[in-house]
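Have a look at the structure below before the remarks.
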Amino acid sequence: MSLDFVGLISIAFLSSFGHCYGMCGGFILAYNQLTNQIKLPYFVLIFSYHISRITAYMFLGMFFGYFGSLFSFSEFAKGIMFFCIGVFTIFLAFALIFRGKLLFFLEHSFIFDYFIKKSIKKILHYKSLKGTILLGFLNGFVPCGLVYFYIAFGITSQNMLDAAFIMLLFGLSTLPSMIFLAYFSKILSEKFQKISTLISYMLILLYGIYFTYTGFMLTA
């Protein structure tokens, strides 16, 4: 299990320098626009924003962890679940590595995009701590390939608390680059961002192969 934690932390940390920057860049701009209008210490605002974002991840983890627990009644059912999640994870890894229309399909929901944009406009009128908290929580539900991977991993835990902890690890591991996003984007080369992100995607692919193999062995 400790090896899994190292892998989970590594994937989130490495990918946060590239993938998360692209996915959440719009939220960062909206966040900066909002915080400029609030007369509170910056660390209070950024702390509340990211705590709210991570809380949303944990809610997702608990929900899907409970869903995973429904497959714990037999080894065969568990095997089917692992195999399906493994195939999905491999599919997701290739979508992240090669990008293009497939990733666009996975990470973009026109209905959800409309809801997000509409909600951001409303939240920007809340020139208070409430606005940063709501914006952070909304960020947690943005369609994202990496979030899908951690949700899938949470399902395999077959436990609500374990799944919530996995999502907590994901959120905390993205904090360094998300908090210092503007700073890191200037000092880190584009090549470094691409390499670190690719490594994280390859780790996701390996987990997908592992899940698929585990599922196959449980159903054999």
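Throughout, read-outs are computed from the coordinates displayed, never taken from laboratory work. A quick note: this is a predicted structure, and the numbers were derived from the prediction, not measured. Cβ: placed from backbone, ideal geometry, glycine included. Neighbour counts: every protein chain shown.
Here the simple spin-label model places points 7 Å from the Cα toward Cβ, and for residue 191 and residue 220 these points are separated by 4.3 nm. Highest-first packing order for the peptide set 126-135, 36-45 is 126-135, 36-45, based on the mean count of other beta carbon atoms within 10 Å.
Under 17 Å from a point 7 Å along the Cα-to-Cβ line of residue 94: which residues of segment 194-217 have their amide N that close? The answer is 201-213, whose backbone nitrogens lie closer than 17 Å to the label point. Backbone N atoms of segment 47-63 closer than 13 Å to the 7 Å Cα→Cβ label point of residue 179 belong to residues 47-51. Annotation: extensible slack from residue 74 through residue 40 equals 6.9 nm (criterion: 0.36 nm per residue apart, minus Cα-Cα distance). Checking the cross-link pairs 39/194; 39/121; 39/118 against a 28 Å limit on the alpha carbon distance flags 39/194 as lying beyond it. Report the calculated FRET efficiency for residue 141 and residue 66 (r = Cβ-Cβ distance, R0 = 25 Å), to the nearest 0.05. Working from the Cβ atoms, E equals 0.90. Karplus-based coupling profile of segment 151-157, in residue order and whole Hz: 5, 4, 5, x, 4, 5, 6, with θ = phi - 60° in 6.51 cos²θ - 1.76 cosθ + 1.60 and x standing for Gly or Pro.
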